[in-house]
Amino acid sequence: MKDSDIDLLEELVRFILKKESADPVITPTPPDALRNKMDLQIEEEPLNEEDLLDQIKSVIAATPKTSSDKFFNQLFGGRNAKAAVAEMVTVMLNNSMYTYKVGGPMVLLENEIVNEWCKLANYPEGSSGTMAPGGSLSNFMGMIMARDNKFPEIRSEGNQRMPVMYASKECHYSVRKNAAFMGIGTNNLRFVDTDAKGALNPEQLEAMILEDIDEGKDPFLVLGTAGTTVMGAVDPIDKIADITEKYNLWFHLDAAFYGSILLSETHRQKLKGIDRTDSYSFNAHKLFSIPLSCSFILTKHKACLYQSFNSKADYLFQADSDDYNPGKVSLQCGRRNDAFKFWVMWKSLGSKGMSDWIDKEFELSQYAREYVLNHPDYTLYSPEGTLTLCFNYKDIPPRHICNALNDEGEMMVGYGKFKDNEFIRLAIVNATNDKEVIHEFFKTLEAFANAELAQEIEA
Ligand SMILES: *Cc1c(COP(=O)(O)O)cnc(C)c1O
């Protein structure tokens with residue numbers, strides 16, 4: 001790497017930061033129009049350095065800015081600067097996390113983080129876990145462990161029985177996809193109703209299990225959610241655990257959204273009962289604003305992790321004990337290092353700072369909630385204490401407001417649906433924002449919606 005490449009990196013980082021504040025929302029262009037407008041084709045001849053820089057900048061300029069303070073569209077957003085720097089270091093070092101031999105201290109610090117999250121969940125000594133490329137696949141690993149624990153023969157013989165599993169109607173769509181990947185079949189995933197807040201109904205869960213047992217089926221897994229995608233609901237963890245213990249079923253908790261809350265002194269009781277789960281997944285790239293992706297699967301049953309993911313590979317695992325060869329409990333072979341960025345952020349803030357980070361998000365969401373409650377033009381759909389705020393303004397169709405805001409390059413915010421209501425869903429997952437940013441969000445939305453209304457009345 002030459003000095004000119006280092007200069008290039010610095011110039012591009014500065015350019016990104018400038019664009020983020022000057023031009024935070026990209027006016028959407030249909031893909032074909034964008035392809036025609038930009039010079040994206042691969043050419044036979046190399047570009048000179050100057051043209052290369054121009055072309056990279058034009059791509060950056062046209063790319064949505066998820067770290068800006070106008071981005072409220074997803075369950076991730078913002079940027080922890082130290083984590084972003086660490087991610088660049090990770091790229092430079094380019095290790096693979098299958099062995100200690102190749103990963104060195106990166107493997108040790110990943111183990112350290114895994115152990116901390118086992119402790120935070122009050123899992124017993126000897127619990128374990130690993131990282132996967134995102135919550136969908138962390139869930140997949142939890143679900144596979146549940147399957148192999150109940151039906152160990154399935155790994156060599158394929159499915160011989162009638163397995164069924166359960167999750168709420170509000171569960172993440174990866175659960176359904178995973179049911180297909182696992183060879184269990186989407187028809188053998190039962191969807192349990194939710195209450196008014198979006199949390200799983202445990203009485204109905206038990207009734208469904210009894211019915212399936214009665215029909216000779218083999219229930220093996222209940223998948224709860226801590227932080228549903230739309231409403232931010234938490235399923236009743238203790239009540240589900242009562243049922244999974246009674247019927248001897250695996251309890252996996254999809255805490256992709258809310259798992260990070262375990263580090264908050266103030267809010268961790270929202271996940272009370274997590275110690276009774278068999279496994280849980282969580283995404284540090286959501287509430288901690290760490291670059292994508294940073295996702296974990298933790299389990300009490302270390303042996304199950306080995307049973308499901310261990311394979312012999314003599315060419316690879318030549319040294320050190322299994323604890324230091326995380327490739328032995330992985331979905332993957334080569335695996336990127338997603339741990340270092342988390343470790344650097346955690347070191348830089350301390351557990352206390354990490355706790356404050358999460359608390360700030362709840363403060364911002366409480367501020368937004370009060371704003372909506374204090375302004376009669378709004379209808380609120382969210383219960384107290386969630387990090388997604390669902391509301392409507394003056395009965396204007398939410399799609400209309402969200403699409404128009406985005407089309408005009410004002411802000412990125414999405415809409416969602418729960419039961420019979422459609423609403424704007426404001427995701428409050430960026431602790432680098434402050435109350436003024438949230439206030440500005442509502443003011444922009446109102447000015448915009450009112451201008452639209454005025455136009456409609458004229459027309
Ligand atoms: C985000 C999320 C997922 C998926 O995580 P990815 O990293 O996007 O694959 C799964 N479950 C819940 C509850 C989520 O919020």
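Does segment 37-48 include one or more residues that are basic (Lys, Arg), over 24 Å from ALA339 (Cβ atoms) and part of a loop (DSSP other than H, G, I, E, B)?
In the first step, residues of segment 37-48 are kept if they are basic (Lys, Arg); the result is 37.
Subset that is over 24 Å from ALA339 (Cβ atoms): 37.
Next, only the ones that are part of a loop (DSSP other than H, G, I, E, B) stay: none.
No - not one qualifying residue is present in segment 37-48.
Scan segment 119-135 residue by residue and report those that are away from the ligand (no atom under 16 Å from the Cβ) and assigned to a strand (DSSP E or B).
Going through segment 119-135, the residues away from the ligand (no atom under 16 Å from the Cβ) turn out to be 119-128.
Hit for segment 119-135 is SER128, nothing else.
Scan segment 204-243 for residues that are in contact (Cβ under 8 Å) with a residue 40 or more places away in the chain and basic (Lys, Arg) and jot them down.
Residue satisfying the conditions is LYS217 alone.
Within segment 184-209, which residues are crowded, with 22+ Cβ neighbours inside 10 Å and touching a Phe, Trp or Tyr at 6+ places or on another chain (Cβ under 7 Å)?
Residues satisfying the conditions are VAL192, GLY198, LEU205, ILE209.
Would you please list the contacts, defined by Cβ atoms under 8 Å and residues six or more apart or on different chains, that run from a residue in segment 1-25 that is of a type in the set (D, E, K, R) to a residue that is part of a helix (DSSP H, G or I) and exposed (fewer than 10 other Cβ atoms within 10 Å of the Cβ)?
none
Which of the residues belonging to segment 110-125 are in contact (Cβ under 8 Å) with a residue 60 or more places away in the chain and over 20 Å from THR99 (Cα atoms)?
Filtering segment 110-125 for residues in contact (Cβ under 8 Å) with a residue 60 or more places away in the chain gives 110-114, 117-118, 120-124.
If the condition is that a residue be in contact (Cβ under 8 Å) with a residue 60 or more places away in the chain and over 20 Å from THR99 (Cα atoms), then TRP117, CYS118, LEU120, ALA121, ASN122, TYR123, PRO124 are the ones that fit.
Does LEU331 satisfy the condition of being under 30 Å from ALA83 (Cβ atoms), part of a loop (DSSP other than H, G, I, E, B) and out of contact with any Cys (no Cβ under 8 Å at 6 or more places or on another chain)? Please lay out each step first, then the result.
Details: under 30 Å from ALA83 (Cβ atoms): yes; part of a loop (DSSP other than H, G, I, E, B): yes; out of contact with any Cys (no Cβ under 8 Å at 6 or more places or on another chain): yes.
Yes.
Just to verify a result, which residue in segment 60-76, among those that are assigned to a loop (DSSP other than H, G, I, E, B) and small (Gly, Ala, Ser), is farthest from GLY135 (Cα to Cα)? Spell out the reasoning first.
Quick first cut of segment 60-76, residues assigned to a loop (DSSP other than H, G, I, E, B) only: 63-70, 73-76.
Right, trim to small (Gly, Ala, Ser) and you get 67-68.
On the way: SER67: 20, SER68: 23 Å.
Filtering first and then ranking leaves SER68.
How many of the residues making up segment 136-181 are within 16 Å of the ligand (Cβ to nearest atom), of a type outside the set (Ser, Thr, Tyr) and not in a helix (DSSP H, G or I)?
Count: 6.
Please enumerate the residues belonging to segment 404-459 that are assigned to a helix (DSSP H, G or I), free of Cβ contacts under 8 Å to residues at least 40 places away in the same chain and among the small types (Gly, Ala, Ser).
ALA447, ALA451, ALA454
For segment 230-253, give me each residue that is touching a strand residue (DSSP E or B) at 6+ places or on another chain (Cβ under 6 Å), outside any helix (DSSP H, G or I) and within 16 Å of the ligand (Cβ to nearest atom).
Answer for segment 230-253, where residues must be touching a strand residue (DSSP E or B) at 6+ places or on another chain (Cβ under 6 Å), outside any helix (DSSP H, G or I) and within 16 Å of the ligand (Cβ to nearest atom): VAL230, MET231, GLY232, VAL234, ASP235, PHE251, HIS252, LEU253.
Taking into account only those residues within segment 193-220 that are touching a Lys or Arg at 6+ places or on another chain (Cβ under 7 Å) and among the hydrophobic types (A, V, I, L, M, F, W, C), which is nearest to GLU384 (Cα to Cα)? Give the steps one after another, and end with the answer.
Kept after step one, since they are touching a Lys or Arg at 6+ places or on another chain (Cβ under 7 Å), are these residues of segment 193-220: 193-194, 202, 208, 218, 220.
Of the ones still in play, those that are also among the hydrophobic types (A, V, I, L, M, F, W, C) are 208, 220.
Numbers: MET208: 30, PHE220: 33 Å.
Applying the filter and picking the extreme gives MET208.
In this structure, does LYS352 turn out to be without any contact (Cβ under 8 Å) to a residue 60 or more places away in the chain, farther than 21 Å from SER295 by Cβ and either part of a helix (DSSP H, G or I) or aromatic (Phe, Trp, Tyr) (or both)? If you could, list the steps in order and put the result at the bottom.
Details: without any contact (Cβ under 8 Å) to a residue 60 or more places away in the chain: yes; farther than 21 Å from SER295 by Cβ: yes; either part of a helix (DSSP H, G or I) or aromatic (Phe, Trp, Tyr) (or both): yes.
Against the criterion (without any contact (Cβ under 8 Å) to a residue 60 or more places away in the chain, farther than 21 Å from SER295 by Cβ and either part of a helix (DSSP H, G or I) or aromatic (Phe, Trp, Tyr) (or both)), LYS352 qualifies.
Restricting attention to segment 211-229, report how many residues are near the ligand (Cβ under 10 Å from one of its atoms) and more than 22 Å from MET182 (Cβ to Cβ).
Residues meeting the conditions: 1.
Please find, within segment 274-316, the residue that is nearest to the ligand (Cβ to nearest atom) out of those that are under 16 Å from TYR98 (Cβ atoms) and small (Gly, Ala, Ser).
By that ranking, first place goes to SER311.
Each reported figure results from applying straightforward, stated rules to the coordinates on display, with no laboratory input. In this text, all values refer to a predicted model and were calculated from it rather than measured experimentally. Methodologically, a virtual Cβ is constructed for each residue, glycine included, from the backbone with ideal geometry; neighbour enumeration extends over all protein chains shown.
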